[in-house]
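Working notes, beginning with the structure itself.
Derivation of every value follows stated rules applied to the coordinates shown; laboratory data play no part. Everything numeric in this text was worked out from a predicted model, so none of it was measured. Cβ: placed from backbone, ideal geometry, glycine included. Neighbour counts: every protein chain shown.
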Amino acid sequence: MTDSKTVLKVISAVSTKIKEKEDYLTELDKPIGDSDHGINMARGFTAVDAKLPLLEDKDIGTILKTVGMTLVSTVGGASGPLYGTAFMRAGMAVGSKTEISTDDFLNLMDAAAAGVKQRGHAEPEDATMLDAIIPALDAMKKAAEAGKTPKEMLTLGTAAAKKGAAHTAGLVAKKGRASYLGERGIGHIDPGAASFALMVEAATETIV
Ligand code: ADP
Ligand code: MG
Ligand code: MG
C-alpha cells in the first residue's frame, strides 16, 4: 500500500492540515472545553515537523514512534498522551517495515485505536476522538474486504470519521473536559473527533 517516504509525506500533510485548521479546532474546544485543542495540536505538529528531516531513511515503525513521542512531550492537554499513544502503538505494531500492505495499515490503525481506548478508558458514544476513530476504522476494514483501492478505502474512512465527529454533537460527553458540562454539552462537536477526521483527510489527499 505504501512505503516510508509516503508515510513521511502523510505526516507532513497531517501537520499542514492541523496547522491550517488550528483556529477551527480551538473554536470547537471553546464551548465545551478550555479553548486550546487547536493550539495544542499545532504546537505538537510543529515539533513533529522539526523531526521529519531526521527520519528521512528510517523505517515506518521508527517514524510513527517518533511522532508519538514528540506529541506526548509537546502537545499538553488530554489529546497529547492519547494521540501520542496512538502513534506509538501504531509504530510498535508495524515494527521495522519500510513498506506496508493494506492489512499492515489496518493492523496499525487497530493498535492505535486500542491504545487510545486503553489510555483514555473511553467507550464508543462517550463523545471523544474514539467516535471518529472507530467508525473510520470499521469503514476502512469493510472497504478493504470489498477490494477497494487504498485511496478509495481512505476516502471512505474520511467520510466515516467526519460523520462520526458530527455525530458527537448529539451525545453527552462521558470523558474529558466536555463531560463536566453534562447535557449542556449537547449540540457541540468534539474537538478531538474533528482533529482525527482532519488527519485521515490529509492522509487521503496524500495517497495516490
Ligand atoms: P484538554 O481537554 O486537556 O484541554 P485538548 O483540548 O487538546 O485537551 O483535547 C481534548 C480532546 O481530547 C477531546 O475533544 C477528546 O476528543 C479527547 N479526549 C479527552 N479525554 C479523552 C478520553 N478519556 N478518551 C478519549 N479521548 C479523550
Ligand atoms: Mg482543551
Ligand atoms: Mg487544555
query: Expressed as a whole number of Å, what is the distance separating the alpha-carbon centroids of region 100-122 and region 153-187?
result: 19 Å
query: Between S96 and S35, how many nm apart are label points set 7 Å from Cα along the C-beta direction?
result: 5.0 nm
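Arrange the peptides 70-79, 154-163 so that the one whose residues have, on average, the most other Cβ atoms within 10 Å appears first.
Packing order, densest peptide first, comes out as 154-163, 70-79.
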- prompt: Hey, what do the phi angles of region 101-106 turn into as Karplus ³J(HN,Hα) couplings, whole Hz, using 6.51/-1.76/1.60 and θ = phi - 60°, x for Gly and Pro?
  reply: 8, 4, 4, 4, 4, 5
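At a 10 Å Cβ-Cβ cut-off, how would you order S4, S195, S12, fewest neighbours first?
Placing the least packed residue first, the sequence is S12, S4, S195.
Regarding region 1-204, what whole-number volume in Å³ per residue does the convex hull of its Cα atoms give?
Here the figure is 91 Å³ per residue.
Which GluC sites (Glu not before Pro) from region 48-149 combine a DSSP loop assignment with at most 11 other Cβ atoms within 10 Å?
Counting only loop positions with at most 11 other Cβ atoms within 10 Å, the GluC sites (Glu not before Pro) in region 48-149 are E56.
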